[in-house]
Amino acid sequence: MSAPELVSIATPKGPVSALIHAPEGEPLGAVILAPGAGATLAQPFLVSLCQDLAAAGYLALRFNFPYKEHNQARPDPSSILLATWRAAVDMVRERAGSRPLAVGGRSMGGRIASMMVAEGASVQGLLLFAYPLHSPSGRGEPRTGHLPDIRVPTLFVSGTRDQLAPIDELRGAVRLVPASELVELPGADHGFRTLKGATPGTAETERNARAAAVEWLGRNLR
């Protein structure tokens, strides 16, 4: 498999870096993934997932948000995060044409993607890894208000020890999305880490999460 291609995405705060993983031959579809808060496009789970997606025949793109591109600690306002997401979609549409497109990511990256989809973005699937129902501070209402407006097939992948999305509460939230599935990762926390000595361990848990996404895309991204 060839090395990913470094590209630049224009945003209201200037260009950000992105990497495109191309499959061998014509892509079955395209997938765009964004990192969680505090992480960059080099987040290991996203790197491995994009590699798996390319091997499975999908064009996969991962990108930075502007605040991380400029080494800032505080995430950008939602308006900037959404604008960055829309610019990433536009870039991939130029590459993938009319092929089906899924969007998503880890934690905050996936949450912002879900907001864009709820607003009516023209995509065919949504992948949410460790969806953060609650903020790390625990303050505010659960982040579920926009979920009923999502009208595309949606996959949630979450650990049963995720403190930002208690599993019983998440099950209820998933039911708010009309066409959704939930893959539960036994014993995994928000970072998909498991306790020492647990079975499955962290590495196997992450492999299972990636495999679930590839399998789901094969059934839903058309």
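The values are calculated or read from the model by the stated rules, or taken from the named source; none is laboratory data. A quick note: this is a predicted structure, and the numbers were derived from the prediction, not measured. Glycine also receives a Cβ, built like all others from the backbone with ideal geometry; neighbour counts cover every protein chain displayed. In case anyone asks, the SASA skips ligands and DNA or RNA and just uses the protein heavy atoms, side chains included. Shrake-Rupley method; radii C 1.70, N 1.55, O 1.52, S 1.80 Å.
Per-residue Karplus couplings for segment 66-72, computed as 6.51 cos²θ - 1.76 cosθ + 1.60 with θ equal to phi - 60°, are listed in order as x, 4, 7, 4, 9, 6, 9 Hz, Gly and Pro entered as x.
Of the heavy-atom accessible surface of the chain (probe 1.4 angstrom), what whole percent is carbon and sulfur? The computed percentage sits at 51. For a paramagnetic label modelled on residue 222 (point 7 Å from Cα along Cα→Cβ), amide N atoms under 15 Å away belong, within segment 10-46, to 29.
Length gained on full extension, residue 26 to residue 160: 44.5 nm, using 0.36 nm per residue less the C-alpha separation. Were the residues from residue 42 through residue 2 laid out at 0.36 nm apart, the gain over their Cα-Cα distance would be 12.7 nm. When nucleic acids and ligands are ignored and a 1.4 Å probe is applied, residue 5 ends up with an accessible area of around 80 Å². For segment 80-183, state which trypsin sites (Lys or Arg not before Pro) are in a DSSP loop and have at most 11 other beta carbons lying within 10 Å of their beta carbon. Of the trypsin sites (Lys or Arg not before Pro), the ones in loops of segment 80-183 whose Cβ has at most 11 other Cβ atoms within 10 Å are 139.
Annotation: amide H-H contacts under 5 Å for residue 11 (H modelled 1.01 Å from N, sequence separation of 5 or more, or interchain): 16. With contacts taken as Cα pairs under 8 Å and at least 6 residues apart, the chain reaches a relative contact order of 16 percent.
Over all orientations, segment 48-122 has a Cα convex hull whose mean projected area works out to 5.4 square nanometres. The residues of the chain expose, per residue, 44 Å² of accessible area to a 1.4 Å probe.
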